[in-house]
1. Using a 1.4 Å probe on the protein chains only, how many percent of the accessible area of the stretch 53-144 belongs to carbon and sulfur?
2. Using only the alpha carbons of the stretch 62-192, what is the convex hull's orientation-averaged projected area in square nanometres?
3. How many nm separate the modelled label positions at SER150 and VAL93, each set 7 Å beyond the Cα in the direction of the Cβ?
4. Toward the positive end of the charge dipole of the stretch 53-169, about the Cα centre and with charges on Cβ (Lys, Arg +1; Asp, Glu -1), which of GLY127, ALA109, ALA74 goes farthest?
5. Would you calculate the separation in nanometres between label points at GLU161 and GLN118, each defined as 7 Å from the Cα along the Cα-to-beta-carbon direction?
6. For the stretch 89-193, what is the accessible area per residue in Å², given a 1.4 Å probe and the full set of protein chains?
Amino acid sequence: MRHCRPVIALMFLLFPLAVLAQHGGRHGASTGSGGGTTAPPEDPDTATFKHAVAVQASVEQAGQFRLMITSTEAARQQAHDVQNLGANASDSVALTHQATVLQSSVEEAQSENRAFRQSLSDSQEAGLKKLTKKLTKSNAAVSKGAKAISQQLQQGTLTSEWLVNAAANLEKALVAFRSAQLNLGKQMGIPSP
């Protein structure tokens, strides 16, 4: 009989746990959906972790990101250098050359940006929607500045004063573009260069 007491005591202790397990641990709460259980709300830390995993950059994307940032910085530096020509530069050949070099560096930056954007998976696009939208908007500003320079080159009406002002505006757009790129990279877990 002495061996039966611990067994009976153990049954009394385990019985409430078995009852709770049958009721889904709801302590008698009703879901109102015919006995089905509802999923508990997701822990914010778990949601943050899942988001980070979904948007994490691959090794190839990290390399492409560095190329994109480097080309954007080179275009920004070229725009800055054009401004140093001064509004008094009168050599039309040198002016045209500087504008053409600037235009080429901007095209390279945008090409690298497109290549990086095309490397994003569907889950990355979905998880980074706000940031990619900002990147697209800043890229449009860069395109607008580059298009204005291209039109002036085609028309042959390029002046040093106009080019210096256009380069200043383009540099501002490229700074915003690079900032949007860096924000996107940060969210993807890519360290800033």
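1. On the way: 2780 of 5130 Å².
For the stretch 53-144, the apolar C and S fraction of the accessible surface comes to 54 percent.
2. On the way: hull surface 29.7 nm².
Averaged projected hull area, Cα only: 7.4 nm².
3. 2.7 nm
4. The listed residue farthest towards the positive side: GLY127.
5. It works out to 4.3 nm between the two label points.
6. On the way: 5830 Å² over 105 residues.
Computed with neighbouring chains in place, this is 56 Å² per residue.
The values are calculated or read from the model by the stated rules, or taken from the named source; none is laboratory data. Fair warning: this is a prediction, and the values are worked out from it, not measured in the lab. With ideal geometry, Cβ positions are generated from the backbone for all residues, glycine too; neighbour counts draw on all protein chains shown. When the accessible area is computed, the model is the full protein with side chains, heavy atoms only, and any ligands, DNA or RNA have been set aside. Shrake-Rupley method; radii C 1.70, N 1.55, O 1.52, S 1.80 Å.
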